[in-house]
Amino acid sequence: MVQRTLVVYPTKDAVAQAGAQRLLLAIADVLGERLDGGKTRNRVDVALTGGSDTIKALEYMASNPLTDTIDWTRVHLWWADERFVAADDNDRNALQARRMLLDRLVAEGRLPESNIHEMAADTRNAADIAAADDTTTDALLDQAARAYERELVRELGAVPVMDIAVMGMGPDGHYASLFPGHAEVSIADRLVVGVNHSPKMPPLRLSMTAPLLAQTRRMWFLTAGAGKADALAHVFATRNDPAWPSSFADATDELVWFTTPDAAAQL
């Protein structure tokens with residue numbers, strides 16, 4: 001368990017710009033440290049999520065000169081959570097990231113498609129979705145979650161570790177797709193879980209679990225705006241409170257919240 005650090009920027013836009021700059025520098029630093037091909041893996045693994053702050057940071061990365069200095073063949077991208085919708089649905093976190101940055105890197109031959117580790121999409125037609133009951137849906141989500149678990153273990157070993165995770169937090173204190181009032185935040189024997197009846201649309205999701213995310217070396221939250229103030233105050237006041245899931249957030253080296261004055265007003 002590491003100490004939480006708070007960094008306050010003047011605006012929401014500044015949070016996104018700082019997140020973009022810091023992520024590019026951190027990727028470059030890790031890749032540079034691992035050039036010797038020593039005991040650590042010769043790559044960097046980054047977990048992304050959705051949310052306006054994270055997507056805005058990716059947009060800034062697309063126009064940042066540092067992006068052109070990264071050896072993207074050694075960068076692997078994962079998702080801390082995903083909306084279980086069709087692959088071409090605008091709600092997909094991965095689709096938004098592709099549009100902002102990743103598709104261009106792939107098209108330029110700089111980022112191998114195999115380095116983009118998307119969570120499964122919903123391949124059912126509208127009629128099958130409408131006809132599905134909770135039992136069928138839960139089984140489908142669990143199948144998709146276990147498939148992502150197998151991919152994590154295949155790539156990173158029995159205890160997968162992200163080098164960096166860029167997270168967001170909702171006004172209700174959720175992170176990834178771990179919501180208050182839902183049991184998933186307390187699940188400790190899985191790497192990835194399905195989430196049914198999410199209180200935030202869309203209702204079906206996949207999410208990395210709190211123990212998996214806690215193995216991350218550096219976890220950064222991009223959390224801006226007055227609507228996050230109450231949640232941020234509760235999260236900083238407690239640890240591992242299911243009523244405020246982001247209080248479970250942890251890392252092994254660094255846990256930083258990049259925020260704005262209005263979001264930090266109650267601290």
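What the phi angles of segment 175-184 give under the Karplus curve with 6.51, -1.76 and 1.60, with θ = phi - 60°, is a coupling list of 9, 6, 10, 9, 10, x, x, 10, 6, 4 Hz, glycine and proline written as x.
Given a cut-off of under 8 Å on Cα pairs at least six residues apart, what relative contact order in percent is computed for the chain?
On the way: 529 pairs, mean separation 65.8, N = 267.
About 25 percent, as a whole number.
Scanning residues 5 or more positions from T216 or on other chains, those with amide H under 5 Å from its amide H are M162, T252, with H placed 1.01 Å from N in the peptide plane. Computed over the chain with a Gaussian network model linking Cα atoms closer than 10 Å, the most mobile of E149, E108, E82 is E108. When the Gaussian network model of the chain links Cα atoms closer than 10 Å, the mean-square fluctuations of A132, A120, A229 top out at A132. Stretched out straight at 0.36 nm per residue, the stretch from D253 to A188 would grow longer than its current Cα-Cα span by 21.3 nm.
Can you name the helices of the chain, as whole DSSP H runs, whose Cα span along the helix axis is 18 Å or more and whose Kyte-Doolittle mean is not below -1.0?
Numbers: long enough: 12-33 (31 Å, 0.55); 134-156 (32 Å, -0.64).
Length and hydropathy pass: 12-33, 134-156.
Length gain on complete extension for the stretch H197 to S63, per 0.36 nm per residue less the alpha carbon to alpha carbon distance? Intermediate values should be presented prior to the final figure.
Numbers: separation 134, 0.36 × 134 = 48.24 nm, distance 3.72 nm.
Difference between extended and current length: 44.5 nm.
Of D89, D29, D81, the order by accessible heavy-atom surface (1.4 Å probe, DNA, RNA and ligands excluded), from most exposed downward, is D29, D89, D81. One chain, two ends: D71 and A130. Fully extended at 0.36 nm per residue, the span grows by 16.8 nm beyond their Cα-Cα distance.
The helix-based estimate of mean residue ellipticity at 222 nm for the chain, built from -39,500 (n - 2.57) per DSSP H run of four or more residues and divided by its residue count, is -9500 deg cm²/dmol to the nearest 500. With the whole protein complex present, M119 retains an accessible surface near 0 Å², based on a 1.4 Å probe.
The label-point distance for D88 and D138, in a model that sets each label 7 Å from Cα toward Cβ, rounds to 3.3 nm. Each residue of segment 120-126 in turn: what ³J(HN,Hα) in whole Hz from Karplus with 6.51, -1.76, 1.60 and θ = phi - 60°, glycine and Pro shown as x? Running phi through 6.51 cos²θ - 1.76 cosθ + 1.60 with θ = phi - 60° gives 4, 9, 7, 9, 6, 7, 4 Hz. Between F84 and L204, R205, L206, the built amide H atoms are under 5 Å apart, and every one of these is 5 or more places off in sequence or on another chain. Once C-alpha pairs closer than 8 Å and six or more residues apart are averaged by separation and normalised to the residue number of segment 133-236, the relative contact order reads 34 percent. Note: relative contact order over segment 68-217, using C-alpha pairs below 8 Å and six or more positions apart, is 27 percent.
Legend: calculated FRET efficiency, Q3 to L25, from the Cβ-Cβ distance at R0 = 25 Å, rounded to 0.05, equals 0.70.
If you find the alpha carbon centre of segment 37-109 and of segment 146-178, how far apart are they in angstrom? Here the answer is 14 Å between Cα centres. For segment 67-83, 3J(HN,Hα) computed residue by residue from phi via the Karplus equation (6.51, -1.76, 1.60; θ = phi - 60°) reads 4, 6, 9, 7, 7, 5, 5, 9, 10, 10, 10, 10, 10, 5, 7, 8, 7 Hz, glycine and proline entered as x.
What is the chain by shape, rounded, prolate or oblate, if you read a ≥ b ≥ c off the alpha carbon gyration tensor as root eigenvalues and call it rounded for a/c under 1.5, prolate for a/b larger than b/c, and oblate otherwise? Rounded, because the longest to shortest axis ratio a/c is under 1.5. Around the amide H of T260, modelled in the peptide plane, lie the amide H atoms of Y9, G225, all under 5 Å away and 5 or more residues distant in sequence or on another chain. Applying the criteria of a DSSP loop state and at most 15 other Cβ atoms within 10 Å to the trypsin sites (Lys or Arg not before Pro) of segment 197-267 yields K200, R239. Accessible surface of S63, taken over heavy atoms with a 1.4 Å probe and every protein chain present, rounds to 90 Å². Only lysine pairs 8 or more places apart, or on different chains, with alpha-carbon atoms under 19 angstrom apart are counted in the chain, and they number 4.
Can you pull the Kirkwood radius for segment 1-69, inverse mean 1/r over Cα pairs, to one decimal in Å? Mean inverse Cα-Cα distance, inverted, gives 13.7 Å. Of D163, D133, D68, the residue with the greatest mean-square motion in the GNM of the chain, using alpha carbon springs below 10 Å, is D133.
The values are calculated or read from the model by the stated rules, or taken from the named source; none is laboratory data. What you see is a predicted model, and the numbers here were worked out from it, not measured in a lab. Neighbour counts run over all protein chains shown; Cβ positions are idealised from the backbone, glycine included. Note: areas computed on protein heavy atoms with side chains; ligands, DNA, RNA excluded. Shrake-Rupley method; radii C 1.70, N 1.55, O 1.52, S 1.80 Å.
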